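Have a look at the structure below before the remarks.
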Amino acid sequence: MEKDNVIFEIKKLNFFYGSNHILKDIDCGIQKNKVTAVVGPSGCGKTTFLRTLNRMSDLAPTANYTGQILLDGENILDQDPIKVREKVGMVFQQPNPFPKSIRNNLIYGPKLHGEKNKKTLDDIVESSLKQSALWDEVKDNLKKSGMALSGGQQQRLCIARALSVKPEVLLLDEPTSALDPIATSKIEELVEELSKSYTIIIVTHNLQQALRISDYMMFFYLGELVEFDLTEKMATNPADKRTNDYLRGIFS
Amino acid sequence: MIKDRILKIVFGIITFAIVAVVVGLLGFLIITGLDDINWEFLTAFPRNSMVDGGIFPAIIGSVYFLAVAMAFSIPVGILGAVYLSEYSKDNVFKRTLVIANNILSGIPSIVFGLFGLTLFCVTFGFGTSVLAGGLTLGLMSLPYVISNTYESLIAVPNTYREASLALGASKASTTFKVVIPSAGSRILTGVVIAIGRIIGETAPILFTGAAFYITRNPVTPFEPAMSLPTHIYVLATIYPSNVQPKLEGTISVLLLIVVILFGFIGILRARDIRKKER
């Protein structure tokens, strides 16, 4: 793997919930402006891994970790989680727009970070909606409640909201598991498009999806990072037997 | 199924009977007093040993008492509920607070009255005044405000909080800009319910702020005031039966206010449900 284009460098990361050892000695580097899919059976730690990358995992009262996660060379585990989350956005499993208008969903983040100029905010609304391929569908209805959109549109609104604060990295936690196939394929196209300007890390249960959209794949099993390589290579010629078994559907 | 049909009829009759009693009672009391209500009744001071005139100072006094009570219990209650739902960890301390709050709402109002008398009138030296009576009422409404607000806040889906935090919002911004606004209409409903509960309370203000009779409305919060429930109490117990029409009229006015308040709650709730469906 290329060494010079790493955005996240993870060193000896161990994660615990109370006495539960969730992530064990994770060491890896995540490539900038690529799509990295995180796969593995339920309970393997992949969602915890994702949530550690923007310190959302801190919200659990018994969370505890050791090791380092370097983002652009700085250890985010030492930083204020609020600052980390500005740089590392997140989209969740269930579409979760705020019960506010589409526009207010999108200016909430920028306003928090001090943007007051109405013109700038309008520009942010437009550009984030265009980036999330939702602009054409909602441009005449920006005052409509975000909750009134369809599930797929809501999820794209959530992606737009995550983009509104101009993050470097976008974490997607099974973003299509609550969506129908058409909405899913739209999100997948979007992920491909967005990877030109953002680093995307996506947790998915859907192996086909991981194969379709990712450049790199990480396979987690029982809290260990078993294999991490180019998706093509892992799909055709996995190095580890466990990866092979998982990809062939021997356990899921 | 014949059994289902019988049960349906039995339950229907029971429900109907209960509703009929409540509606009948309310309707009877309101209608009995309706013919005593006129413009003068609502805008004049009582005259001639309460036989003539109106209940203007009692209406104004009730408004004053409620204003003081709510000025105290809305901020304290909402912030307390925010602490319970957003900030406190789920431990013995928090559970004790929640239980204590529930117990507080079960304490008889006369006990609140005597407590208010000791604390506000005597210890704080407010005397018999709108301030002391209002604060006593406020204390009494506090558990309702807290538990209603707490319930509305914990009903806000966690996904909203996560969405906000993931955008780099602090806990305070998340609470005040996302969580509380999402619970807004439910919190408002809770506050109106609390007002409905205490508007008819007599005992808490009887010793702490109520006057039997005044000739001018209080201008500072350190003066006593009349109020609708204490006026009913006074008319019913102290004066001879020739004040009966005024008594009926006062009851009617108080009940109408309560009915309107709860009607307002109904509208708020209906709007809330419609919003969710949309």
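The values are calculated or read from the model by the stated rules, or taken from the named source; none is laboratory data. Given the structure is predicted, the values throughout are model-derived calculations rather than measurements. Neighbour counts run over all protein chains shown; Cβ positions are idealised from the backbone, glycine included.
When B:A163, B:A172, B:A203 are checked against the criterion of being small (G, A, S) and within 9 Å of another protein chain (Cβ to nearest Cβ), B:A163 stands alone in meeting it. Screening A:L157 with (1) closer than 26 Å to A:G29 by Cβ; (2) touching a Pro at 6+ places or on another chain (Cβ under 9 Å) gives one miss only, at (1).
Of all the listed residues (A:T47, A:T120, A:T66), the sole one being of a type in the set (V, I, T), more than 9 Å from chain B (Cβ to nearest Cβ), surrounded by fewer than 14 Cβ atoms within 10 Å (Cβ to Cβ) and assigned to a helix (DSSP H, G or I) is A:T120. Scanning the stretch A:69-92 for residues that are within 18 Å of A:I202 (Cβ to Cβ), facing chain B (nearest Cβ under 9 Å) and of a type outside the set (V, I, T) gives A:R85, A:K87, A:G89, A:M90, A:F92. Based on this model, can you work out whether A:I201 counts as more than 23 Å from A:N5 (Cβ to Cβ) and of a type in the set (A, V, I, L, M, F, W, C)? So A:I201 does not fit the description; no.
The sole residue among B:L97, B:L142, B:L165, B:L137 that is surrounded by fewer than 20 Cβ atoms within 10 Å (Cβ to Cβ) and either in contact with a Leu (Cβ under 7 Å, 6 or more places away or on another chain) or modelled with pLDDT of 90 or more (or both) is B:L97.
In summary, strands (runs of 3 or more DSSP E) completely within the stretch A:133-252 and bearing 1 or more residues that are surrounded by fewer than 17 Cβ atoms within 10 Å (Cβ to Cβ) and away from chain B (no Cβ under 14 Å) occur at A:224-230. Residues of the stretch B:27-55 that are surrounded by 18 or more Cβ atoms within 10 Å (Cβ to Cβ) and outside any loop (DSSP other than H, G, I, E, B): B:I30, B:G33, B:F41, B:P46. A:G40 meets each of the listed conditions (1) within 14 Å of chain B (Cβ to nearest Cβ); (2) out of contact with any Pro (no Cβ under 6 Å at 6 or more places or on another chain); (3) of a type outside the set (S, T, N, Q) apart from (1).
Determine whether A:S42 is farther than 12 Å from A:M218 by Cβ and within 16 Å of the chain's Cα centre (by Cα). No: the conditions fail for A:S42. Looking only at the stretch A:104-117, filter to residues that are assigned to a loop (DSSP other than H, G, I, E, B) and surrounded by 14 or more Cβ atoms within 10 Å (Cβ to Cβ); which one of those is nearest to the other protein chains (Cβ to nearest Cβ)? Ranking the candidates gives A:H113 first. Looking at B:T220, B:T250, just one residue is more than 14 Å from every other protein chain (Cβ to nearest Cβ), farther than 22 Å from B:P108 by Cα and in contact with a His (Cβ under 8 Å, 6 or more places away or on another chain), and that residue is B:T250. Which residue, of B:S88, B:S152, B:S105, B:S170, is among the polar types (S, T, N, Q) and surrounded by 20 or more Cβ atoms within 10 Å (Cβ to Cβ)? Among B:S88, B:S152, B:S105, B:S170, only B:S152 is among the polar types (S, T, N, Q) and surrounded by 20 or more Cβ atoms within 10 Å (Cβ to Cβ).
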